[in-house]
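Here is the structure we will look at.
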Amino acid sequence: MSLPQFKLLRPHTLEDAIALLAKHSSGEHKVRIVAGGTDLIPSMRQKLFEPEYVLDIRHIAELKGIREQQGSGVVIGALTTLTAIERSTLLRRRYQVLTEAATTVASPLLRNMGTIGGNICLDTRCLWYNQSLTWRKGCGFCIKKDGDLCHVAPGGTKCWAAFSGDTPPALLCLQAEVEIVGPSGARRIPLRDFYTGLGDTYRKLQPNEILTRIFLPESSADYRGVYRKLRVRGSIDYPLAGVAVVMRRSNGHIADARLAITAVNPAPFLVKGASELLQGRVLDEALAEAAGDLAAKTAKPLTTSALTPEYRREMIRVFTKRAVLAAASN
């Protein structure tokens, strides 16, 4: 499948990028931002996106790198590659769950290209959406692209395409915040507020805005962390169910813990009640199973992938139990 025609824009500063977005994201102009291109380029080949302009932000040096801020955590530029996240000794030592999650993304080649910002902004996926134009046309399209029917839940009006990023559940457990910059300036919000929970309009990012930085708070440093992922193949594939856990222990008890899931809802979610369930308790098989049951109740997988919803929900239960036990033993 060939790429549609487009005009390439290559700013070298954030200021220039914002100016170009302001110019080309209004009226009839269509613009898409490309960083690593590991998700956008295949989608353009499938004719999911046919922008008039593509804004290549790879050369904006100020959006790259991992910087420790003494006493206030770590700042990660949105253009930092997943390989850099995976190999960072600072992150592996202080924010272990993030490096674990980054290590599972696709293949080494794609991690060399893909960025942490791109993984956060990853488009939601569905069997009915991520297909060629000919295939989608034969099915009458869908709510997410050019149609008015959700093939996953035909009786409803909501798009159920699943969010399938690996690093966001880890970042949610770490209580990360993100910086978003647009023509009116910068705003900083918790990552949990970045996602809408809808499969089509899945993120709170305007066409003239760029996600620029990720902030990991000092208060979340040094937690033991684990990420577990279900996929058909051992590499390349998106998660069909993913679980992130962070935990801090004291005197044999769980002092604090957080649990998040991905790939089984239109957004990554922190599992409500998980911290309260685990905090202050001595971990055993029964408690780990209870955490798995809670996570499975949060998961709402539908027929957005080749695996059945029932199997993916059960694997959330199993992976949560395993991840909780593994985090406690680290």
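The values are calculated or read from the model by the stated rules, or taken from the named source; none is laboratory data. Just so it is clear, the model here is predicted, and its values are computed rather than measured. Positions of Cβ are generated from backbone atoms using ideal geometry, with glycine treated the same way; all protein chains shown enter the neighbour counts. Accessible surface is based on the protein model in full, side chains and every heavy atom, while ligands, DNA and RNA are left aside. Shrake-Rupley method; radii C 1.70, N 1.55, O 1.52, S 1.80 Å.
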Would you confirm whether or not region 207-224 contains a residue that is assigned to a strand (DSSP E or B), farther than 17 Å from ILE116 by Cβ and among the hydroxyl-bearing types (Ser, Thr, Tyr)?
yes
Top-ranked residue of region 103-117 - restricted to ones that are hydrophobic (A, V, I, L, M, F, W, C) and more than 12 Å from the chain's Cα centre (by Cα), ranked as most open to solvent (accessible area, probe 1.4 Å)
LEU109
Filter result (part of a loop (DSSP other than H, G, I, E, B) and within 22 Å of the chain's Cα centre (by Cα)) within region 44-59
GLN46, LEU48, PHE49, ILE57, ARG58
Filter region 201-251 down to the residues that are more than 24 Å from MET315 (Cα to Cα), open to solvent by 60 Å² or more (accessible area, probe 1.4 Å) and touching a Phe, Trp or Tyr at 6+ places or on another chain (Cβ under 7 Å) and list them by number.
ARG203, LYS204, ARG248
Check on GLY292, closer than 20 Å to VAL97 by Cβ and part of a helix (DSSP H, G or I)
yes
Which of the following residues is open to solvent by less than 30 Å² (accessible area, probe 1.4 Å), farther than 22 Å from LEU133 by Cα and out of contact with any Asp or Glu (no Cβ under 7 Å at 6 or more places or on another chain): PRO51, PRO11?
PRO11
The residue that is surrounded by the most Cβ atoms within 10 Å (Cβ to Cβ), considering only those in region 300-330 that are of a type in the set (A, V, I, L, M) and not in a helix (DSSP H, G or I), is LEU302
Checking the conditions here, which among LYS158, LYS144 is open to solvent by less than 60 Å² (accessible area, probe 1.4 Å), among the charged types (D, E, K, R) and out of contact with any strand residue (DSSP E or B) (no Cβ under 6 Å at 6 or more places or on another chain)?
LYS144
Scanning for something crowded, with 23+ Cβ neighbours inside 10 Å and of a type outside the set (Val, Ile, Thr), does region 180-187 turn up at least one residue?
no
Of the residues ILE76, ILE85, which single one is assigned to a strand (DSSP E or B), at pLDDT 95 or above and either touching a Leu at 6+ places or on another chain (Cβ under 9 Å) or surrounded by fewer than 20 Cβ atoms within 10 Å (Cβ to Cβ) (or both)?
ILE76
Can you name the residue in region 252-267 that is touching a strand residue (DSSP E or B) at 6+ places or on another chain (Cβ under 9 Å) and over 14 Å from TYR227 (Cβ atoms) and is also surrounded by the most Cβ atoms within 10 Å (Cβ to Cβ) among such residues?
VAL264
